[in-house]
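Following: one structure in structure tokens, then a few remarks.
The values are calculated or read from the model by the stated rules, or taken from the named source; none is laboratory data. In this text the structure is predicted, and so the values were computed from the model without any measurement. Every residue, glycine among them, receives a Cβ derived from its backbone with ideal geometry; neighbour counts consider all protein chains shown. Ligands, DNA and RNA are excluded from the accessible area calculation, which covers all protein heavy atoms including side chains. Shrake-Rupley method; radii C 1.70, N 1.55, O 1.52, S 1.80 Å.
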Amino acid sequence: MFDALDERWWRAGSSLNWWDCALAEPPSWLPAPEPARAWLMRHPKPLTAALALIRSHRTCETSQLNALDPRLPGDARARLWMSMAACRLIDLGFPLRVDGRTAFGPHAAWMGVRLPVHREISPELPRLGLSAVEIADIGPGPLRGARQYDRHNLIATGLAVKARSDGWLTAGEAWCRFDRICADPLMGGGGPDLALIGERDLVCVELTASMGQTLEDKFRRWDRVLAHRACDRVSVVWLAAGRGPDNREILKRLGGLCDGRPRQHAADAADWMGRIACADGWEPEPGSPVADDAWMRRDMTRLGHVYGMPAAGDWRLPERLAGRWIG
């Protein structure tokens, strides 16, 4: 599978070479929009699953998405990705090369995907046959690209794949907001890059590729979050994800800032790809977490009581939503 920590992909910088579906003409290797739209209408399950994961993780590579949800194809040339791009639902990204001979297209070494940065796709989804409930299930907020730090996001997605294989449930950056973690709107909308959800522990992951002046401020903010009454089972792991020999200094700095903070730990991101353990010996275990796929019925029951419809939780909901964990 694709390894976002492999330095050969980032010699020309930490960003991908993007085809922006809102600004650029469609390349010749994409299918025509009408056949692509017809294909997506016949395959709503992979469409909604793909949009939910891409929204959650910001930037993903196709083999990563396949590892997170086997219904999604790992091959960049698959009909799903080509059809989504033809309907302008995703942007496509390809690795840059320092010699300028960049491969651009599904035959490149690998392909990244993101929600369009310059286009909101929600109005298009009902025309593809998705219900309002299915669109809401993709995730809250506008369906467009945000916070595009390609190398950073792809490393976080790779860590989610590793954590899933070890038995954790995961939630990507778009879900990881302090106000959701604390169930308190006053805690604000920032948050970690990834959350590992276990039977007992909630491990929030912060990727760090530099030692700027804001690093200590981030630690102090986490001090306030961890002191919140809702965060008794929350811990934070700071992963050094810098490039080259400087990463050792980043890890050392993170370790120093974690000293005296018993629920904040440091580790090397590359080491975590092999084993989820921290430099101080802390090694969280997933236990046996249970995916909650009944959120809609619970919320419908609650709203039904408010509006005088106590049986609302028994209303028929789309079977396509059953048994799904969106992370």
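Taken as a whole, the condition of being modelled with pLDDT under 90 and not in a helix (DSSP H, G or I) does not apply to Arg200.
Within the range 222-247, the set of residues being open to solvent by 40 Å² or more (accessible area, probe 1.4 Å) and either in a loop (DSSP other than H, G, I, E, B) or at pLDDT 95 or above (or both) comprises Asp223, Arg224, Ala227, Arg229, Ala230, Asp232, Arg233, Arg243, Gly244, Pro245.
Across the range 1-32, what is the total count of residues that are open to solvent by less than 30 Å² (accessible area, probe 1.4 Å) and either part of a loop (DSSP other than H, G, I, E, B) or out of contact with any Gly (no Cβ under 8 Å at 6 or more places or on another chain) (or both)? Going through the range 1-32 one residue at a time, the tally reaches 9. Among all positions in the range 199-221, there is at least one residue which is closer than 27 Å to Phe2 by Cβ and open to solvent by 40 Å² or more (accessible area, probe 1.4 Å). Among the candidates Leu202, Leu226, Leu207, Leu196, the residue that is touching a His at 6+ places or on another chain (Cβ under 9 Å) and under 27 Å from Ala291 (Cα atoms) is uniquely Leu207.
Selection of first residues in the range 105-120 that are closer than 24 Å to Ala174 by Cα and of second residues that are among the charged types (D, E, K, R) and surrounded by fewer than 22 Cβ atoms within 10 Å (Cβ to Cβ), restricted to Cβ pairs under 6 Å at least 6 apart or on distinct chains, gives the following pairs, ordered by first then second residue: Leu115/Arg144; Pro116/Arg144; Glu120/Arg144. Quick check, is Gly141 surrounded by fewer than 18 Cβ atoms within 10 Å (Cβ to Cβ) and either modelled with pLDDT of 95 or more or farther than 20 Å from Ala171 by Cβ (or both)? Here the answer is no, as Gly141 does not meet what is asked.
Just wondering, is there one or more residues in the range 96-108 that are closer than 22 Å to Ala146 by Cα and part of a helix (DSSP H, G or I)?
No, every residue in the range 96-108 fails to be closer than 22 Å to Ala146 by Cα and part of a helix (DSSP H, G or I).
When residues in the range 98-132 are screened for being within 21 Å of the chain's Cα centre (by Cα) and either more than 18 Å from Ala24 (Cα to Cα) or aromatic (Phe, Trp, Tyr) (or both), 3 of them pass.
Restricting attention to the range 120-160, the residues being farther than 16 Å from Gly93 by Cα, in a loop (DSSP other than H, G, I, E, B) and charged (D, E, K, R) number 1. Being among the small types (Gly, Ala, Ser), free of Cβ contacts under 8 Å to residues at least 40 places away in the same chain and open to solvent by 10 Å² or more (accessible area, probe 1.4 Å): is that true of Gly189 here? Considered against the rule, which asks whether it is among the small types (Gly, Ala, Ser), free of Cβ contacts under 8 Å to residues at least 40 places away in the same chain and open to solvent by 10 Å² or more (accessible area, probe 1.4 Å), Gly189 comes out as yes.
Residue-level check: of (1) within 28 Å of Pro192 (Cβ to Cβ); (2) outside any helix (DSSP H, G or I); (3) touching a strand residue (DSSP E or B) at 6+ places or on another chain (Cβ under 7 Å), Pro70 misses just (3).
Among the residues of the range 69-86, the ones that are open to solvent by 10 Å² or more (accessible area, probe 1.4 Å) and of a type outside the set (Gly, Ala, Ser) come to 8 in all. Look at the range 20-40: where a residue is at negative phi and a partner is of a type in the set (S, T, N, Q), sitting 6+ places away or on another chain with Cβ atoms under 7 Å, you get Pro31/Ser83; Ala36/Ser83; Trp39/Ser83; Leu40/Ser83. Selection within the range 310-327: residues that are out of contact with any helix residue (DSSP H, G or I) (no Cβ under 8 Å at 6 or more places or on another chain) and of a type outside the set (Asp, Glu). The member of this set that is modelled with the lowest pLDDT is Gly323.
In the range 157-183, which residues are in contact (Cβ under 8 Å) with a residue 60 or more places away in the chain, open to solvent by less than 10 Å² (accessible area, probe 1.4 Å) and over 16 Å from the mean Cα position of the chain (by Cα)? Passing the criteria: none in range.
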